[in-house]
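Peer 1: What follows is a structure written as structure tokens; I'll ask about it next.
The values are calculated or read from the model by the stated rules, or taken from the named source; none is laboratory data. Please read these numbers as outputs of a predicted model, since none were measured by experiment. Cβ coordinates were reconstructed from backbone atoms using ideal geometry, including for glycine residues, and neighbour counts include every protein chain displayed.
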Amino acid sequence: MGVIFAKTPKGQDEITTKAGGLTPRQRRVLIMIDGKRTVDELRSMLQADDLQHTLGMLEEDAFIDVVRVQDANGKSTTPQAPLASITAFRELPETPDAIHLQQARNFMTNTLNAFVGALGTSALLSKIENADSHATLRQYYDEWYHAIVMSREGKREAESLRTKLLAVI
């Protein structure tokens with residue numbers, strides 16, 4: 001399945017005014033979104049390791065929206081219901097899940113240590129260790145992801161790491 005995004009009126013406005021404060025990479029991705037290309041086609045054209053994150057940010061900030069979904073045979077359909085955001089967290093159970101919370105903490109800590117190093121992320125590591133709930137830990141997700149993407153090795157693995165973390169956070 002391939003997701004196809006199109007610019008919203010806010011996205012069209014951003015192309016002409018540059019008022020949204022997008023980074024050059026985010027702007028480049030926004031420019032390439034045309035309502036015809038799937039995410040996989042964009043990935044092959046843009047060579048951006050953090051494409052999922054950038055698309056998620058553009059979607060959450062209402063610069064783009066899903067317009068069609070393409071199946072394996074290439075047939076496009078308009079989604080009947082809104083799709084979950086590309087960076088959406090899973091629904092949390094009614095009772096807190098201490099095991100998943102600890103798994104998420106460990107995953108974030110281990111990946112930061114492995115890809116970035118403790119020296120540059122000590123404040124973030126401390127916040128992650130002291131997080132007492134999934135909601136609190138989710139507040140550090142963007143900071144964690146940014147740190148990972150800014151490292152050379154982490155950039156290559158960012159999308160895979162993001163998917164693994166979203167399964168437990």
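Peer 1: Given the criterion at pLDDT below 80 and in contact with a helix residue (DSSP H, G or I) (Cβ under 8 Å, 6 or more places away or on another chain), identify the matching residue among ARG27, ARG37, ARG90. Even if it seems obvious, please write down each step before you answer.
Peer 2: On the way: ARG27 fails: at pLDDT below 80; ARG37 fails: at pLDDT below 80.
Among ARG27, ARG37, ARG90, only ARG90 is at pLDDT below 80 and in contact with a helix residue (DSSP H, G or I) (Cβ under 8 Å, 6 or more places away or on another chain).
Peer 1: With over 20 Å from TYR145 (Cα atoms) and modelled with pLDDT of 85 or more as the only criterion, which of ASP71, ASP13 stands out? Explain how you work it out, then say what you get.
Peer 2: Numbers: ASP71 fails: modelled with pLDDT of 85 or more.
Checking each option against the conditions leaves just ASP13.
Peer 1: Filter the stretch 121-162 for residues that are outside any helix (DSSP H, G or I) and of a type in the set (A, V, I, L, M, F, W, C) and give the result.
Peer 2: If we filter the stretch 121-162 for residues that are outside any helix (DSSP H, G or I), which is where we start, we get 131-133, 139-140, 150-151.
The answer is ALA131, MET150.
Peer 1: May I ask you to verify whether TYR145 is among the hydroxyl-bearing types (Ser, Thr, Tyr) and touching a residue at least 40 places away in the same chain (Cβ under 8 Å)? Write out each step before concluding.
Peer 2: Values: among the hydroxyl-bearing types (Ser, Thr, Tyr): yes; touching a residue at least 40 places away in the same chain (Cβ under 8 Å): yes.
Taking the combined requirement at face value, the residue satisfies it.
Peer 1: Anything in the stretch 4-36 that is crowded, with 18+ Cβ neighbours inside 10 Å and under 20 Å from ALA72 (Cα atoms)? List them, or say none.
Peer 2: Correct list: ILE4, PHE5.
Peer 1: Might you check whether a residue that is β-branched (Val, Ile, Thr) and more than 29 Å from SER151 (Cβ to Cβ) occurs anywhere in the stretch 18-26? Spell out how you get there, then give the answer.
Peer 2: Kept after step one, since they are β-branched (Val, Ile, Thr), are these residues of the stretch 18-26: 23.
Narrowing the set further to residues that are more than 29 Å from SER151 (Cβ to Cβ) leaves none.
Taking every residue of the stretch 18-26 in turn, none turns out to be β-branched (Val, Ile, Thr) and more than 29 Å from SER151 (Cβ to Cβ).
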